[in-house]
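See structure below.
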Amino acid sequence: MANPSKRVDIQNLLTLGDDLIGVLNNQKDGDGLMQSFEGAKMLRSSCLSDTRDLQSSLEDYQKKISVCKEMIEKAKGETIDDAELEHLQSELEGKLQSERLLHQELRAISDELDDLDHQRASFEERKEIMKRKEKDVLRSQDLLSMCASVTNILPNLDDQDMISGYIVEKNKKKVEKFAFDKTTPQLEVCSKLWKGA
């Protein structure tokens, strides 16, 4: 008769093994996450560069607007014909319109940068979750290994249709295969496995 202190809940062990397989199969998620994170970094760098360029252009336009305003003020002090005054006024309006458009672009880029910051934070959070899952997988592997060495039962985690595995008796150098239908009651499975072990 088996030692009662060596009894293990086989169903929990199998569930733990299934969870382990699921986590190991999701390695693609971590890779995709890292690629997305690198893409976000590149996009952020590009947006910052565009922002600097737009800021420089905005400063140039503001200088030109100041020059135009000075010219208008100077022109007001002098007598000039209506055609030139009209030309300067339309040029000033064009520069002001360009400035408004640049401000809109800067707002859009700023919003995009904020969104990228939120995405980066989300990626870092997911990365931490993945690290925790990897630690859980390692713990699960250790637990599965310990249970297998204590019970001499090695579950077949690849078989999704049946409860199956092997009973290994090292001192007798014997390996016995077992398989149960998933509908078999857990108590019956445990009893048969303990009798076999």
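Before moving on, here are some points about what is shown:
- Scope segment 68-105; condition open to solvent by 60 Å² or more (accessible area, probe 1.4 Å), within 50 Å of the chain's Cα centre (by Cα) and either more than 24 Å from Leu48 (Cα to Cα) or not acidic (Asp, Glu) (or both); matching residues: Glu91, Glu93, Gln97, Arg100, Leu101, His103, Gln104
- Test: residue in segment 15-32 that is in contact with a Cys (Cβ under 9 Å, 6 or more places away or on another chain) and at pLDDT 70 or above: yes
- Options Lys177, Lys182, Lys195; residue that is over 13 Å from Leu13 (Cα atoms), at pLDDT below 80, open to solvent by 70 Å² or more (accessible area, probe 1.4 Å) and among the basic types (Lys, Arg): Lys195
- With respect to the stated conditions, Leu113 is in contact with a Lys or Arg (Cβ under 9 Å, 6 or more places away or on another chain) and either among the hydrophobic types (A, V, I, L, M, F, W, C) or in contact (Cβ under 8 Å) with a residue 40 or more places away in the chain (or both).
- Residues located in segment 106-154, provided they are over 30 Å from Leu48 (Cα atoms) and within 13 Å of the chain's Cα centre (by Cα): Lys131
Matching residues to (1) assigned to a helix (DSSP H, G or I); (2) of a type outside the set (Lys, Arg); (3) without any contact (Cβ under 8 Å) to a residue 24 or more places away in the chain; (4) farther than 30 Å from Lys41 by Cα:
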position	(1), (2), (3), (4)
Glu86	yes, yes, yes, yes
Glu99	yes, yes, no, no
Leu102	yes, yes, no, no
Glu125	yes, yes, yes, no
Arg139	yes, no, yes, yes
Cys147	yes, yes, no, yes
Val150	yes, yes, no, yes
Asp159	no, yes, yes, yes
Ser164	no, yes, yes, yes
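The values are calculated or read from the model by the stated rules, or taken from the named source; none is laboratory data. All values derive from a computational prediction rather than experimental measurement. Counting neighbours? That spans all protein chains shown, and the Cβs are built from the backbone with ideal geometry, glycine included. Ligands, DNA and RNA are stripped out before the accessible areas are found, and what is left, the full protein with its side chains, is counted by its heavy atoms. Shrake-Rupley method; radii C 1.70, N 1.55, O 1.52, S 1.80 Å.
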